[in-house]
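Throughout, read-outs are computed from the coordinates displayed, never taken from laboratory work. Everything numeric here is computed off the predicted structure, so don't read it as measured data. Glycine also receives a Cβ, built like all others from the backbone with ideal geometry; neighbour counts cover every protein chain displayed.
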Number of protein chains: 2
Amino acid sequence: MSLNKDSNIPLYIQVYESIKSLILENELKEEKLPSIRALSKYLGVNNVTIVNAYKLLEQEDYVYSVKGSGTYIKKIHNPEELSYLEEGHMELMVSGILPIPKDSINFASISPTADLFPIEEFKKSLVKVLDRDGGQAFLYPEINGYEPLRESISKFLFLNYDFKIDKEQILITSGGQQGLDIIAKTLINHGDHILVENPTYSGAMAAFSSRGANIIGVPMKEDGIDIRLLKSFVRKYHPKFIYIMTNYQSPTTYSYSHEKKKAILELANEYNFYVIEDDFLTDLSFGNKDKTPLKSMDTKDKVIFIKSFSKIFMPGVRIGFVTLPNNILRDIIKAKHTTDITSSGFLQRAFDEYLRTGYWKKHIERVNRVYKQKYDLITKELDRLKVYGIDYIPPNGGLCIWVKLPKEIDSIELYNECRENNLSIVPGKVFFTDHSIDSNYIRLSFGAVSSDEIVNGINILESILMNPLKNKGNEYLPFI
Amino acid sequence: MSLNKDSNIPLYIQVYESIKSLILENELKEEKLPSIRALSKYLGVNNVTIVNAYKLLEQEDYVYSVKGSGTYIKKIHNPEELSYLEEGHMELMVSGILPIPKDSINFASISPTADLFPIEEFKKSLVKVLDRDGGQAFLYPEINGYEPLRESISKFLFLNYDFKIDKEQILITSGGQQGLDIIAKTLINHGDHILVENPTYSGAMAAFSSRGANIIGVPMKEDGIDIRLLKSFVRKYHPKFIYIMTNYQSPTTYSYSHEKKKAILELANEYNFYVIEDDFLTDLSFGNKDKTPLKSMDTKDKVIFIKSFSKIFMPGVRIGFVTLPNNILRDIIKAKHTTDITSSGFLQRAFDEYLRTGYWKKHIERVNRVYKQKYDLITKELDRLKVYGIDYIPPNGGLCIWVKLPKEIDSIELYNECRENNLSIVPGKVFFTDHSIDSNYIRLSFGAVSSDEIVNGINILESILMNPLKNKGNEYLPFI
């Protein structure tokens, strides 16, 4: 490494650049960077120069520092091998983007399979829009979304979840994830605290932390978040918002009781924070329990309701929406504009047409019927496995089962064992904000598997649980 | 305003909340907040409490402070009146989202009109995809985009702009704006400096500043950015990247000379910054001049090429792309995933089919023919007006003319006068990062007007230029 002290480029930038290049070119065999004193002596520069260079490297995620120990290089993947996929492997498998290994039974993905998509009806809607609107269909719609679709969604909300919201308070987004990203853009200032359920959806955490939020997990219980802890965290951290899923929470599958919903609203009103309510599965309810979203109880415009149609309709249509509190309506719409101007007006028109023609009811009844059958089968099969010490709380809806493992079985080891036996599952640990609490779960999804696969998959799981697990030690784990 | 000193909520938060509510409810008649000393005395609290409350209000854009003068309330619009449109009025008119006033001639919007959209051909592609792929068309594609489309685009780049880029280094985005947003997400850390042409595209500035970038404008000249100043700014600020449009820059319509392109690349290599090259109009070239993008000269992976198809194809298809330097490929793809998972696989398949069927060539030849006619007409008409002291440099491509006004005519006053006479134009000032430099221009777009409207519009402009402008004083201006 050589520095040019006459250059216009500050020395710390030169040091930073040199080390960055070495890291990217895999030239550094050591895991640890030299100490600040050693390197500054070696290069004949001030300590501060090295401190600033290391800081920059850490900011940019090339290294991490361990207090009292030193600065370490993060493992860099070689992009030519497309190994960025490895790092987010699990996340991609879960969202259905990365195909699971061939011949493997897919208990990992919560994306629906294509055979449940109402293609014939949607094609009719698409063609009708083309014939009716011609080129108009491909102009920009309003930023907040094609007005007739916002009207249809307002009606949809009233009919399905019993709450009234004006079409002007609805923003159409390109799926639920974009809703999260835009909310993060609008609400989070660098350094803000926000609260999430623990465990929670990793895609939400990624959107929040990219804005510099400090994310604090609040344990999730069978009937919703731990209210006592939530209250003390709210007092301590003054969060901008709390992010929750009131029905069939991901990954736990738990739904909130009416009391907990009420308690959260009261807290939000008292301490003046927003509640982001993410809803992607409410429509898949197999029981008669009250699944009213929190938003329907919100009288003070404190709840931002985000809905994704990816799981209950089709991911490729990329349509979701966000309800907008009047206070920040303008800011959220501006954030949408600088994000991608608008969502596709053509797909919005087609989805509006689909809803207006009345196709929705038939579709949602059909998928409920199909998933209910799969749900009944997988729970029946799983119940047999309780003798091995596993347990779960029947969600009676949604697409997954959250299975608690007995203490002696580690979810990561079980994941590896299953993988070797052509069964894809998700170790629960990947959903937790930290590892300090009880996280010994696996998540089994039944959305993307046939009846035969459910029976075979549970049989594979049984054969593994029957035998004590070998300790797999340092085996490769494609962690999130 | 009353404070609860026994509450768990810090006093400065209480003060902040109270003032915020008063602002939102329009209860504060004064424009200026009380001085820190006066308010702390009145409330019986420490100065620091008020300082922190005011800081928070400023961070959240409710107030702004003027050094040595005090803290002022920003004008808050009432969201029920949808007046968020007012603030960004001009920007929305320009992007074609907000319809211009009825009976007005539209020299403002650079969006194409629907009659130029190749609806029949695109419908064939859509239907073919539905018949061929069925439900598969609505699954998630790869995050970086549907592989065959990336292949088609790689071929498109080679055929049209003479540069080779592997399909694995292409990311499909939902339009060019999303490309900018994702690049900002990946590259900008809070407080980073970045350089832009001055004037430039306001949507880019919005995406960059939302990530906390310090944006510095470098004057734009007839043959590209001011290289001497660029060099000195690069030395001074060590920018993360520079954002430029090499062909038919927005708003100036200027294109870069080969020499300036070379000089920028050399600088980027020497000082190690990225060049974001935004291309949305290269395909509309009426002359034979070399319009090769900078990217085709880039041997060291320093140029990130962003392409939008909104202006040259259809905005509603929401397809654009970004080329990915290997060094940050993984980070950009991750940023895309947390932004909206993927862009619509269905529209990507249809656009791929459209390109493969060979429809593109016919389409782009047609729009070139149409726009060339309009270009010839508007320049012929405008030339007549040079007697009134206006001037412009013929861009010989693109969708706009950047007209320099004589000193005695102010672009804002001219804008207002035109508006009263049913002519929509854009005052150049809205595109500048500051007002310290020569910014007395108007931009006239000919993309959305008929031949008759061009003639009539220029006649209106002439009738205004013929008469000395009345001073309009404080008239309402829907500024960006």
Between copies, how far apart are the A:Ser450 label points? List them in nm, one decimal, shortest first, with each point 7 Å from Cα toward Cβ, please?
6.0
Take region B:121-246, compute every pairwise Cα distance, and split them into 5 Å bins from 0; I just need the percent in each bin.
2, 9, 14, 15, 15, 15, 12, 7, 5, 4, 2, 0
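Under 1.5 on a/c is rounded, so check that first for the protein assembly as shown, then, if it is not, pick prolate when a/b is larger than b/c and oblate when it is not; a ≥ b ≥ c are the square roots of the alpha carbon gyration tensor eigenvalues.
Rounded is the answer for the protein assembly as shown, as its axis ratio a/c remains below 1.5.
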Give the long-range amide H neighbours of B:Thr173: residues separated by 5 or more places, or on another chain, with amide H under 5 Å away, using H modelled in the peptide plane at 1.01 Å from N.
B:Gly320, B:Phe321, B:Val322
Give the cross-link partners of A:Lys380 among the aspartates and glutamates, using a straight C-alpha distance below 20 Å as the criterion and excluding same-chain residues fewer than 8 apart.
A:Asp391, A:Asp452, A:Glu453, A:Glu462
Point-to-point label distance, A:Lys167-A:Lys361, nm (Cα→Cβ direction, 7 Å offset):
2.1
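Length gain on complete extension for the stretch B:Met466 to B:Lys221, per 0.36 nm per residue less the alpha carbon to alpha carbon distance?
Contour length minus Cα-Cα distance gives 85.3 nm.
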Work out the FRET efficiency for A:Arg37 and A:Glu58 from their Cβ-Cβ distance, taking R0 = 22 Å, and round it to the nearest 0.05.
0.80
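Which order, highest average first, do B:186-195, A:106-115 follow once you tally other Cβ atoms within 10 Å for each residue and take the mean per peptide?
Numbers: B:186-195: 19.2, A:106-115: 21.7.
Most protected by this proxy first, the peptides run A:106-115, B:186-195.
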Can you work out the base-10 log of I(q)/I(0) for chain A at q = 0.09, 0.11 1/Å, using the Debye formula on its C-alpha atoms alone?
-0.71, -1.01
Classify region A:1-45: rounded, prolate or oblate, from the alpha-carbon gyration tensor (a ≥ b ≥ c, eigenvalue square roots; a/c under 1.5 rounded; otherwise prolate if a/b is larger than b/c)?
oblate
FRET efficiency, B:Asp131 to A:Glu266 (Cβ-Cβ, R0 51 Å, nearest 0.05):
0.40
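If eta is 0.692 mPa s and T is 37 °C, what Stokes-Einstein diffusion coefficient results for region B:119-357, Kirkwood Rh from Cα pairs, in µm²/s? Kindly include the intermediate steps, with their values, before the conclusion.
Working: Rh = 18.3 Å.
Approximately 180 µm²/s, per Stokes-Einstein.
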In nanometres, the difference between 0.36 nm per residue of separation and the alpha-carbon distance of A:Asp290 and A:Ser2 is 96.9 nm
Put the label 7 Å from Cα along Cα→Cβ for A:Asp166; what are its distances to the other copies, in nanometres, shortest first?
5.4
Please report the spacing between the Cα centers of region B:23-61 and region A:202-248 in Å, no decimals.
30
Mind checking B:343-353 for the average number of partner chain beta-carbons within 10 Å of each residue's beta-carbon?
4
How far apart, in nanometres, would the label points at B:Ser18 and B:Asn326 be if each is projected 7 angstrom from Cα along the Cα-to-Cβ direction?
6.2
Inter-part distance where region B:128-199 and region A:387-431 are each reduced to a Cα centre, Å
37
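Could you tell me how many cubic angstrom of Cα convex hull volume region B:11-76 has per residue? Kindly include the intermediate steps, with their values, before the conclusion.
Values: hull volume 5.3 nm³, N = 66.
Output value, Cα hull per residue: 80 Å³.
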In Hz, Karplus ³J(HN,Hα) per residue of region B:222-235 (6.51, -1.76, 1.60; θ = phi - 60°; x = Gly, Pro)
4, 10, x, 4, 6, 5, 4, 5, 4, 4, 6, 5, 4, 5
If the cut-off is a Cα-Cα distance under 12 Å, which aspartates and glutamates reach A:Lys311, setting aside same-chain residues fewer than 8 apart in sequence?
A:Asp279, A:Asp283
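R0 = 22 Å: FRET efficiency of B:Glu120 with A:Lys124, Cβ-based, nearest 0.05?
Values: r = 19 Å, r/R0 = 0.85.
Efficiency at R0 = 22 Å is approximately 0.70.
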Strictly over 32 Å apart at the Cα level, which of B:Lys55/B:Lys261; A:Lys361/B:Lys361; B:Lys41/B:Lys185; A:Lys123/A:Lys374 would you flag in this model?
B:Lys55/B:Lys261; A:Lys361/B:Lys361; B:Lys41/B:Lys185
Could you give the nm distance between label points at A:Glu27 and B:His190, where each point is 7 Å from its Cα heading toward the beta carbon?
3.4
Counting other beta carbons within 10 Å of each residue's own, what order do A:Asp103, B:Asp434, B:Asp279 fall into, fewest first?
A:Asp103, B:Asp434, B:Asp279
Cα-based Rg then Dmax for region A:250-374, in Å, read 16.6, 44
Can you list the copy-to-copy distances for B:Lys289, using a point 7 angstrom from Cα toward Cβ, in nanometres, shortest first?
6.8
How do B:333-344, B:317-328, A:323-334 rank on mean C-beta neighbours within 10 Å, highest first?
B:333-344, B:317-328, A:323-334
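Show that you can apply the helix-only estimate: for chain A, add -39,500 (n - 2.57) for every DSSP H stretch of four or more residues, divide by all residues, and state [θ] at 222 nm to the nearest 500.
My calculation for chain A gives -13000 deg cm²/dmol from helical runs alone.
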